[in-house]
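Supplied in C-alpha cells, the structure appears directly below.
The values are calculated or read from the model by the stated rules, or taken from the named source; none is laboratory data. Just so you know, these numbers come straight off a predicted model, no measurement behind them. Cβ placement follows ideal geometry from the backbone for every residue including glycine, while neighbour counts extend to all protein chains displayed.
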Amino acid sequence: MVLIYGNSAQVMLLLAASLYERGGYLTCRFSPRIDCSESVVRTMLTGQPQVILPCYGDRTVGGTEDHEMAFSFPWSIAEEIARGLAGLHRGGVRYPIPSNLRGEPRFPPKYVELDEKLQRMPPPSD
C-alpha cells in the first residue's frame, strides 16, 4: 500500500491518473477522525485508491499541514497510476497546474467546438 501526502492539485492528478485507464469515479468516505488509519485499512480492504482529508490525529501527531491532503492506493496498481500520469502529461495535464496570469484566459479547443455546436442548435420549443 502507498500513502502520499500533497496539496490538492497533486492529489487531484493522482486521482485522475488512477482513473485514466478504468474511467468512472472514486468513492471515498470522509470523517474528522481516524482518517489516518481508515485510509490504510480501507485501501487494503477494498483494493481501491482513497482520497484522504487528514484528521485531527494526522495534524496533531503526524504533523500534517493545513494545505495537505493524502492519496492512498494498493501497490498492485502502481504501474497503472504511473501510466495514467504519463498519459495525462502527454495530454498537457501537468503539475504545477499552469496559470494564465499574463494572458487572456481561453477555453480549451474542445469547449470552443462544443459552444459553436450549441450556438447552431435551434432554441427549444415550449
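Out of Ala86, Ala17, I need the residue that is among the aliphatic types (A, V, I, L, M), in contact with a Gly (Cβ under 7 Å, 6 or more places away or on another chain) and farther than 13 Å from Val2 by Cα. Which one?
After ruling out the rest, the residue left standing is Ala17.
A further question on this structure: Taking the stated definitions as given, is Arg106 of a type in the set (Lys, Arg) and within 19 Å of the chain's Cα centre (by Cα)? Write out each step before concluding.
Details: of a type in the set (Lys, Arg): yes; within 19 Å of the chain's Cα centre (by Cα): no.
In short, no.
Also, I was wondering about something else. List the pairs whose first member sits in region 41-52 and is assigned to a helix (DSSP H, G or I), whose second member is surrounded by fewer than 13 Cβ atoms within 10 Å (Cβ to Cβ) and among the basic types (Lys, Arg), and whose Cβ atoms are under 8 Å apart, counting only residues at least 6 apart or on separate chains?
Partner pairs satisfying both residue conditions: Arg42/Arg29.
Another question, then. Any residue in region 104-113 that is in contact with a Ser or Thr (Cβ under 7 Å, 6 or more places away or on another chain) and either closer than 19 Å to Ser8 by Cβ or in a loop (DSSP other than H, G, I, E, B) (or both)? Don't jump to the end; show me each part of the working.
Kept after step one, since they are in contact with a Ser or Thr (Cβ under 7 Å, 6 or more places away or on another chain), are these residues of region 104-113: none.
No, there is no match, as no residue in region 104-113 is in contact with a Ser or Thr (Cβ under 7 Å, 6 or more places away or on another chain) and either closer than 19 Å to Ser8 by Cβ or in a loop (DSSP other than H, G, I, E, B) (or both).
So which of Ile81, Ile77 ends up being in contact with a Ser or Thr (Cβ under 6 Å, 6 or more places away or on another chain), at pLDDT 95 or above and surrounded by 10 or more Cβ atoms within 10 Å (Cβ to Cβ)?
On the way: Ile77 fails: in contact with a Ser or Thr (Cβ under 6 Å, 6 or more places away or on another chain).
Only one candidate passes the filter, namely Ile81.
Please go through region 5-18 and give me each residue that is surrounded by 15 or more Cβ atoms within 10 Å (Cβ to Cβ) and out of contact with any Pro (no Cβ under 6 Å at 6 or more places or on another chain), ordered by number. Steps first, answer last, please.
Of the residues in region 5-18, the ones surrounded by 15 or more Cβ atoms within 10 Å (Cβ to Cβ) are 5-6, 10-18.
Correct list: Tyr5, Gly6, Gln10, Val11, Met12, Leu13, Leu14, Leu15, Ala16, Ala17.
Would you mention how many residues in region 63-73 are touching a residue at least 12 places away in the same chain (Cβ under 8 Å) and loosely packed, with under 15 Cβ neighbours inside 10 Å? Reasoning before the result, please.
Just the residues of region 63-73 that are touching a residue at least 12 places away in the same chain (Cβ under 8 Å), to begin with: 64, 67-73.
From the residues that got through so far, the ones that are loosely packed, with under 15 Cβ neighbours inside 10 Å too are 67.
Number satisfying all stated conditions: 1.
Might you check whether a residue that is closer than 23 Å to Gly84 by Cβ, of a type outside the set (S, T, N, Q) and touching a Ser or Thr at 6+ places or on another chain (Cβ under 8 Å) occurs anywhere in region 50-57?
Our first condition is that a residue be closer than 23 Å to Gly84 by Cβ; within region 50-57, this holds for 50-53.
Checking which are of a type outside the set (S, T, N, Q) leaves us with 51-53.
Those left that are additionally touching a Ser or Thr at 6+ places or on another chain (Cβ under 8 Å): 52.
Scanning region 50-57, I find at least one residue that is closer than 23 Å to Gly84 by Cβ, of a type outside the set (S, T, N, Q) and touching a Ser or Thr at 6+ places or on another chain (Cβ under 8 Å), so the answer is yes.
Now, a different point. Mind listing whichever residues of region 20-40 are of a type in the set (Lys, Arg) and either in a helix (DSSP H, G or I) or more than 18 Å from Ile4 (Cα to Cα) (or both)?
In the first step, residues of region 20-40 are kept if they are of a type in the set (Lys, Arg); the result is 22, 29, 33.
Within region 20-40, Arg22, Arg33 qualify.
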